[in-house]
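**Q** I have a structure here, written as structure tokens, and I will follow up with some questions on it.
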Amino acid sequence: MLGAALRLRLRVLRRRCLRGQRRRRRTRGGRAAVEGGGREPVLLVSGMGGSVLHARRRSNPKFDLRVWVRILFANLDFKKYLWSLYNADTGYVEPLDDDVEIVVPEDDHGLYAIDVLDPSWFVELVHLTMVYHFHDMIDMLINCGYEKGTTLFGYGYDFRQSNRIDKAMAGLRTKLKTAYKTSGGKKVNIISHSMGGLLVRCFMSMNHDVFSKYVNKWICIACPFQGAPGCINDSLLTGLQFVYGFESFFFVSRWAMHQLLVECPAIYEMLPNLNFNWKEKPIIQVWRKNPEKDGTVELVLYEASDCVSLFEEALRNNELTYNGKKVALPFNMSVFKWATETRRILDNAELPDTVSFYNIYGRSYDTPYNVCYGSESSPIGDLSEVCHTVPAYTYVDGDCTVPIESAMADGFAAKERVGVEADHRGLLSDENVFELLKKWLGASEKAPRRRLSKKPRVVGLSS
């Protein structure tokens, strides 16, 4: 048994060594291409769940533990370190343990945090591609001649926080300045994924002159510009499952994720936009027993403007246990008010005349839009039962997470908008997307790439 484990470990190390050799060869080729061609820098910006997060203890400087993503002991460490409460005085989400702080590692010029989200030997051994995030795109860009730290950078951030929180805005500003200066004063081309597009849009709205100074092109992939109605409405009521099938046994449970999302400003900021002119307004339906009518079963409809009352009633008894203590987690009106101001900032964003904007969205996949809880034969009694009910969806076209209608509604004078047949996470490794990126960046690859196997079914906002 020990011998077999040792052989497996040696196989992984050998694979890492070969990969390192390939990357060093590509980096040398990239350096020559950059020096010869004066390539503009690229900054990759991740979305919800798309950044590695570490927990550190203020009382112990040596303590540094990756808590997102991790496959082994995922639920245990997630609850211990990432469960949080929103501080209405500061606008920040803070860990339940006062001694803990959550940080994003800056290794590899920000690329480490958005590459493989669980870079453990176990993940590489069993090849769990569900955590290979920007990995393929980074390899493709290196193969095109981009060089880490000179013309290729990553920006990961604490995705639990608001998309307009000061720390996220300051971090993006610093990253843009670094890429601009390191590349010799060349403007930056941003490639954002999912919620990362909302963060970039907030930055552009709040720092218009800075954005205009440092950004040349913004390529947006799978952004929920007007929200992700089915996915987000349900995530506040029952949680969010990033991975389905066999792989889900390795991942954070839906319930554990739910307790995080109830206090997560970024989730509230992706609720359907009340000011957007939807072709059909997204709704939530609940089959309920009406006690005032002798228990008659009725289908109650909640439009987006009515959903707050449903959230409040359904979550009024929601709580978790942390270190033996009960912590109440109802629908948070303070977060909702913060998110309402974020939506105003997003709606007021204007694209500078000097910036070229491109939009890639996923299509041809069933995407949750309306949500229904209970049924005529099995109705909901107390609304708190909704949180423990399996939802039924009405679907529209999209990428499994973001409807086409929302993803296309950027409101900018886009150079191009292109729909690609891929799901939300799959867009990050899709060859058609890569061809578009190379075309818009004016880049071409030097050698064939090794491609990963097909990914499992994954749902997530980055993530």
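**Q** Given (1) open to solvent by less than 20 Å² (accessible area, probe 1.4 Å); (2) within 27 Å of Arg254 (Cα to Cα), where does Asp397 come up short, assuming only one miss?
**A** Here Asp397 meets the rest and fails (1).
**Q** On to the next question. In the stretch 301-345, which residue that is assigned to a strand (DSSP E or B) and crowded, with 17+ Cβ neighbours inside 10 Å is farthest from the chain's Cα centre (by Cα)?
**A** Here the residue is Tyr302.
**Q** Would you mind stating whether Ser192 is in contact with a helix residue (DSSP H, G or I) (Cβ under 7 Å, 6 or more places away or on another chain) and surrounded by fewer than 23 Cβ atoms within 10 Å (Cβ to Cβ)?
**A** no
**Q** Taking Leu18 as the residue in question, decide whether it is outside any helix (DSSP H, G or I) and either open to solvent by less than 40 Å² (accessible area, probe 1.4 Å) or modelled with pLDDT under 50 (or both).
**A** no
**Q** Something else now. Kindly establish whether Cys202 is of a type in the set (A, V, I, L, M, F, W, C) and farther than 28 Å from Met270 by Cβ.
**A** Answer is no for this residue.
**Q** Taking the stretch 52-71 only, how many residues are closer than 19 Å to Thr129 by Cα and out of contact with any Phe, Trp or Tyr (no Cβ under 6 Å at 6 or more places or on another chain)?
**A** 5
**Q** Separate question: Mind listing whichever residues of the stretch 279-300 are farther than 13 Å from Ile380 by Cα, touching a helix residue (DSSP H, G or I) at 6+ places or on another chain (Cβ under 7 Å) and open to solvent by less than 50 Å² (accessible area, probe 1.4 Å)?
**A** Pro282, Ile284, listed by residue number.
**Q** Can you tell me how many residues within the stretch 30-47 are assigned to a loop (DSSP other than H, G, I, E, B) and at pLDDT 95 or above?
**A** 4
**Q** Also: Of the residues Val390, Val297, Val386, which single one is under 24 Å from the mean Cα position of the chain (by Cα) and either more than 30 Å from Lys438 (Cα to Cα) or in a helix (DSSP H, G or I) (or both)?
**A** Exactly one residue qualifies, and that residue is Val390.
**Q** Would it be correct to say that Asp366 is out of contact with any strand residue (DSSP E or B) (no Cβ under 9 Å at 6 or more places or on another chain), modelled with pLDDT of 95 or more and over 30 Å from Asn87 (Cα atoms)?
**A** In short, no.
**Q** Residues Ala328, Ala314: which one is modelled with pLDDT of 95 or more and either in contact with a helix residue (DSSP H, G or I) (Cβ under 6 Å, 6 or more places away or on another chain) or among the aromatic types (Phe, Trp, Tyr) (or both)?
**A** Answer to the selection: Ala314.
Residue-by-condition table, conditions (1) under 19 Å from the mean Cα position of the chain (by Cα); (2) under 26 Å from Ile191 (Cα atoms):
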{"residue": "Leu85", "(1), (2)": "no, no"}
{"residue": "Thr90", "(1), (2)": "no, no"}
{"residue": "Pro105", "(1), (2)": "yes, yes"}
{"residue": "Asp108", "(1), (2)": "no, yes"}
{"residue": "Ala113", "(1), (2)": "yes, yes"}
{"residue": "Leu117", "(1), (2)": "yes, yes"}
{"residue": "Thr129", "(1), (2)": "yes, yes"}
{"residue": "His133", "(1), (2)": "yes, yes"}
{"residue": "Met140", "(1), (2)": "no, yes"}
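**Q** While we're on this one: Taking into account only those residues within the stretch 346-368 that are assigned to a strand (DSSP E or B) and open to solvent by 10 Å² or more (accessible area, probe 1.4 Å), which is nearest to Ser406 (Cα to Cα)?
**A** Tyr361
**Q** A follow-up question, please. For the stretch 183-201: of the residues being among the polar types (S, T, N, Q) and touching a Ser or Thr at 6+ places or on another chain (Cβ under 6 Å), which is farthest from Ser212 (Cα to Cα)?
**A** Here the residue is Ser194.
**Q** Also, I was wondering about something else. I want to confirm something. Restricting to the stretch 406-433 and keeping residues that are closer than 13 Å to Ala222 by Cβ and assigned to a helix (DSSP H, G or I), which single residue is most open to solvent (accessible area, probe 1.4 Å)?
**A** Met408
**Q** Does Lys279 fit the bill of being at pLDDT 95 or above and assigned to a strand (DSSP E or B)?
**A** Judged against the criteria, Lys279 is not a match.
The values are calculated or read from the model by the stated rules, or taken from the named source; none is laboratory data. Computed from a predicted structure; not experimentally measured. Virtual Cβ from ideal backbone geometry, glycine too; neighbours counted across all protein chains shown. What goes into the accessible areas is simple: the full protein's heavy atoms, side chains included, and nothing from ligands, DNA or RNA. Shrake-Rupley method; radii C 1.70, N 1.55, O 1.52, S 1.80 Å.
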